[in-house]
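Everything on this sheet refers to the single structure shown next.
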Amino acid sequence: MGWIAFYFNLSIISKEVVVLDECIFCKIVKGEIPCTKLYEDEQVLSFLDIMPAAKGHALVIPKNHYATLLDMPHEELKFVTEVIQKVAAATMVALPEVEGFNVLQSNNEVAGQLVPHVHFHIIPRHKDDKLNFAWEQGASEMAELKKYAELVKGKIE
Ligand code: AMP
Ligand code: ZN
């Protein structure tokens, strides 16, 4: 691991956690950059987004550095998912007039991922807030849906 860590600028900060030196969220994990912490355990960290879409906008990340969702081991994804549920539940009861929330997760630049350390947004929603995650709904034909289903189904492992 020593040589691999050197080559990729990785740091092993505990038995469990490997971070990437130049990654902003890894710096938060290491405590080199401050954050407004909501939750922490051995594998997972949650903190408030510094440029919130709504008050209480939270992020949940694995402490280990993975660029996208596809890079994460299943076990760690389960831990992260549990924390998403815990933080979302707390947000719903703790913050005034929060009636719902969106969980948003972007992978790769084309999808709007700015920080290449996998993270989940929990965005509290209020009645009549101006947030808009709506997209123009497209048309579909059964033959085309079937074609795309066949393409994807064949690759599910
Ligand atoms: P994304 O576009 O999904 O990659 O979102 C990255 C999010 O990270 C943005 O909403 C930023 O506001 C947030 N962010 C970037 N740097 C920090 C930081 N130091 N502390 C908290 N949130 C951050
Ligand atoms: Zn990182």
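Tabulated data for the structure shown
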{"quantity": "Residue under evaluation Glu97, criteria (1) loosely packed, with under 12 Cβ neighbours inside 10 Å; (2) under 22 Å from Leu20 (Cβ atoms), criterion not met", "calculated": "(2)"}
{"quantity": "Verdict on Ala89 being more than 12 Å from ligand 1 (Cβ to nearest atom) and of a type in the set (A, V, I, L, M)", "calculated": "yes"}
{"quantity": "Meets criteria (under 21 Å from Val19 (Cα atoms), in contact with a strand residue (DSSP E or B) (Cβ under 9 Å, 6 or more places away or on another chain) and surrounded by 14 or more Cβ atoms within 10 Å (Cβ to Cβ)) for Val83", "calculated": "yes"}
{"quantity": "Among residues of segment 70-86, those that are away from ligand 1 (no atom under 16 Å from the Cβ) and outside any helix (DSSP H, G or I), counted", "calculated": "1"}
{"quantity": "Filtered residue count, segment 129-148, keeping only those that are closer than 24 Å to Val98 by Cβ, surrounded by 10 or more Cβ atoms within 10 Å (Cβ to Cβ) and not acidic (Asp, Glu)", "calculated": "1"}
{"quantity": "Selection within segment 34-69 - more than 8 Å from ligand 1 (Cβ to nearest atom), among the β-branched types (Val, Ile, Thr) and surrounded by fewer than 17 Cβ atoms within 10 Å (Cβ to Cβ)", "calculated": "Thr68"}
{"quantity": "Filtered residues of segment 112-126 (kept if in contact (Cβ under 8 Å) with a residue 40 or more places away in the chain and either of a type in the set (Phe, Trp, Tyr) or part of a loop (DSSP other than H, G, I, E, B) (or both))", "calculated": "Gln113, Val115, Pro116, His117, Val118, His119, Phe120, His126"}
{"quantity": "Failed item in (1) more than 14 Å from ligand 1 (Cβ to nearest atom); (2) part of a strand (DSSP E or B); (3) surrounded by fewer than 16 Cβ atoms within 10 Å (Cβ to Cβ); (4) hydrophobic (A, V, I, L, M, F, W, C), with Val103 passing the rest", "calculated": "(1)"}
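The numbers here are math on the coordinates, done by the rules we state, and not lab data. Everything numeric in this text was worked out from a predicted model, so none of it was measured. Glycine also receives a Cβ, built like all others from the backbone with ideal geometry; neighbour counts cover every protein chain displayed.
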